[in-house]
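> Can you keep this structure in mind? I'll have questions shortly.
Any read-out appearing in this document is the output of simple, stated calculations on the displayed coordinates, not a laboratory observation. Because the structure is predicted, anything quoted here is derived from the model rather than measured. All Cβ positions, even for glycine, are placed from backbone atoms using ideal geometry, and neighbour counts span all protein chains on display.
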Amino acid sequence: MFFLLFIFPLVSTFDYSIKIEEKSSINKSIYEFSRPYELLNNFQSSFSLTNNNKSLILTKIIDRDYWCTQNICSCDICSFILELFSNDDKISPIFSTINITITDINDHSCQFLDIQNNISLSESIQIGHRFPIARAIDYDSGINGQLSFKFLNNLNNYFDLNIINLSINEYAIYGIVKHSFDRELNEKYDLIIEAHDHGLSQVRINRTKITIWILDENDNAPKFNQTEYSIQVNFFNF
């Protein structure tokens with residue numbers, strides 16, 4: 001009796017995982033393997049192998065925030081897998097994966113969009129009235145993209161800010177009337193809005209200026225200097 005024995009090559013799998021900052025330097029090793037590999041896939045053509053195929057390097061500057069806006073990666077977690085192959089030991093091929101996570105750096109400050117630089121409000125407008133000012137966005141992620149806002153020169157607290165979160169790093173900015181107006185006393189309010197992010201290593205700040213004009217209402221009747229006047233009339237006989 002004869003038996004046929006088929007011998008299939010064994011395939012081993014080893015997994016690696018690294019984190020690198022966006023905009024890291026190119027042509028520098030980001031990981032050293034113990035054996036030579038070949039890349040089976042290359043995410044966005046951003047990597048290469050050198051040093052006898054044992055060193056993984058970046059070949060392009062990675063702008064994580066740009067990738068996010070193009071839906072290449074997620075704003076929350078920018079992570080992807082490279083597949084590797086090695087036949088170095090001549091016995092069994094080795095298929096490996098390396099998970100690469102791109103961490104965000106705080107390289108963006110707030111951008112103000114759709115700004116209403118000149119806003120007109122009626123002199124008789126009600127306290128509590130809300131009016132749109134702008135949108136704001138920070139293209140960083142996590143706390144680097146979270147923003148806080150305040151007025152820098154809100155004299156006598158005539159106005160307040162109302163901030164609405166549109167997404168993780170985008171906001172709608174509204175003003176709230178907090179005080180009644182008298183145009184005859186003041187017809188214009190120049191205000192500066194400051195936005196700062198919550199970056200740990202560095203806080204980035206941006207500001208924008210708006211002008212609020214108070215429109216006149218017919219709320220004043222004519223006034224005389226005194227309530228009574230005396231007039232003497234002289235008559236002459238001719």
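> List residues of the range 100-143, by number, whose backbone nitrogen lies under 19 Å from a label position 7 Å along Cα→C-beta of SER29.
Answer for this model: 100.
> Hey, got a sec? Which trypsin sites (Lys or Arg not before Pro) in the range 65-154 land in a DSSP loop and have at most 10 other Cβ atoms within 10 Å?
LYS90
> Roughly speaking, what is the stretch gain from THR69 to ASN42, that is 0.36 nm per residue apart minus the C-alpha to C-alpha distance, in nm to one decimal?
7.7 nm
> Cut-off is 10 Å between beta-carbons; in what order do SER55, SER86 appear when sorted fewest neighbours first?
Least crowded to most crowded, the residues run SER55, SER86.
> Given R₀ = 30 Å, what would the calculated FRET efficiency be for LEU155 paired with GLN202, taking r from the Cβ atoms and rounding to 0.05?
Computed FRET efficiency for LEU155 and GLN202 comes out at 0.45.
> Highest first, please rank the peptides 108-117, 25-34 by the mean number of other Cβ atoms sitting within 10 Å of their residues.
108-117, 25-34
> Same structure, new question: Under a no-solvent Debye model with one identical scatterer per Cα of the range 12-103, what's log10 I(q)/I(0) at q = 0.16, 0.23, 0.24, 0.25 Å⁻¹?
Log10 of I(q)/I(0), two decimals: -0.63, -1.18, -1.26, -1.35.
> Rg to Rh for the range 138-204: what is it, with Cα atoms only and Rh by Kirkwood?
With Rg and the Kirkwood Rh in hand, the quotient comes to 1.09.
> Give me the number: length gained by fully extending ILE20 to SER124, i.e. 0.36 nm times residue separation minus the C-alpha to C-alpha distance, one decimal in nm.
31.7 nm
> Follow-up question, since we're still on this one. With r defined as the distance between the Cβ atoms of SER180 and LYS209 and R0 fixed at 35 Å, what FRET efficiency is calculated, to the nearest 0.05?
It comes out at approximately 0.90.
> If you average the C-alpha positions of the range 84-115 and of the range 132-190 separately, how far apart do those two centres end up, in angstrom?
Going from one Cα centre to the other spans 38 Å.
> In addition: Return the percentage of antiparallel bridges among DSSP beta bridges fully within the range 12-103, rounded to the nearest 5 %.
That works out to approximately 65 percent antiparallel.
> I want to check the label-to-label distance for ASP114 and ASN52. Put each point 7 Å from Cα in the C-beta direction and report it in nm to one decimal.
6.0
> At 0.36 nm per residue, minus the direct Cα-Cα distance, what do LYS90 and SER148 gain on full extension? Give it in nm, one decimal, please.
Computed gain between LYS90 and SER148 is 15.0 nm.
> Considering the options ASN87, HIS129, TRP67, tell which one lies farthest towards the positive end of the dipole of the range 34-138, charges being +1 on Lys and Arg and -1 on Asp and Glu at the Cβ, about the Cα centre.
ASN87
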